Amino acid sequence: MSALTDIAATYRGPGGVLRRLLARGQREDRVLAILMAGCALVFVAQWPRLAREAHLKGQDLNPLLGASLLGWIIIMPLVLYLLAGVAHIIARVLGGRGSFYGARLALFWALLAASPLLLLHGLVAGFIGPGPQLVLVGALWCAVFLWFWLGGMVAVERREVA
């Protein structure tokens, strides 16, 4: 299946998509590509908000974009790898039987699959600005991201380590 089809299927049930991705075999390059695509989409989602901020404050947009690029493309992948490892260790303590690879896949896929809502959040932040609409879309994104991540973690931690 294509990534877009898998993303749509994740909204119907994250566990099934994660099991299907795990069945394709352990490929670190695939997981890294999922992570980088997710981080790139988060970076793009920041553009409208940063443009609004730069316009309202009379600043140059390029430094804001550069800082966001550094944060989402260089630093956050490292943080997310660490977070996935910690999540797997916690799952192991709670009786999980998955692997570090599965934990990475669950977290990185949750970020990529929830990115359409994050793009909407960026548009609301850029065009409407702070307010109840932004809070609502942000809360919706957080809920969906956690649903995808926890649903994926349950699916991968119930599997035996290959």
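Test of understanding: among 111, 120, which residue is at pLDDT 95 or above, surrounded by fewer than 18 Cβ atoms within 10 Å (Cβ to Cβ) and not small (Gly, Ala, Ser)?
From the options 111, 120, the qualifying one is 120.
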List pairs: first residue in region 116-143 and under 16 Å from residue 44 (Cα atoms), second residue not in a helix (DSSP H, G or I) anywhere in the structure, Cβ distance under 9 angstrom, at least six positions apart or on different chains. 124/131; 141/114
Given (1) open to solvent by 30 Å² or more (accessible area, probe 1.4 Å); (2) over 19 Å from the mean Cα position of the chain (by Cα); (3) modelled with pLDDT under 90, where does residue 25 come up short, assuming only one miss? (1)
Taking into account only those residues within region 51-87 that are touching a helix residue (DSSP H, G or I) at 6+ places or on another chain (Cβ under 7 Å), closer than 20 Å to residue 138 by Cβ and without any contact (Cβ under 8 Å) to a residue 24 or more places away in the chain, which is surrounded by the most Cβ atoms within 10 Å (Cβ to Cβ)? 64
Inside region 88-104, can you point out the residues that are within 16 Å of the chain's Cα centre (by Cα) and either open to solvent by 20 Å² or more (accessible area, probe 1.4 Å) or free of Cβ contacts under 8 Å to residues at least 24 places away in the same chain (or both)? 104
Going through 41, 18 one at a time, which residue ends up being of a type in the set (A, V, I, L, M), more than 13 Å from residue 106 (Cβ to Cβ) and in a helix (DSSP H, G or I)? 41
Quick one: is residue 48 in contact (Cβ under 8 Å) with a residue 24 or more places away in the chain and over 14 Å from the mean Cα position of the chain (by Cα)? yes
Among (1) modelled with pLDDT under 95; (2) open to solvent by less than 40 Å² (accessible area, probe 1.4 Å), which single condition is residue 137 missing? (1)
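The values are calculated or read from the model by the stated rules, or taken from the named source; none is laboratory data. No experiment lies behind these values; they were computed from the predicted model shown. As a convention, Cβ positions derive from the backbone with ideal geometry for all residues, glycine included, and neighbour counts pool all protein chains shown. Protein only, heavy atoms only, side chains kept; ligands, DNA and RNA dropped before computing areas. Shrake-Rupley method; radii C 1.70, N 1.55, O 1.52, S 1.80 Å.
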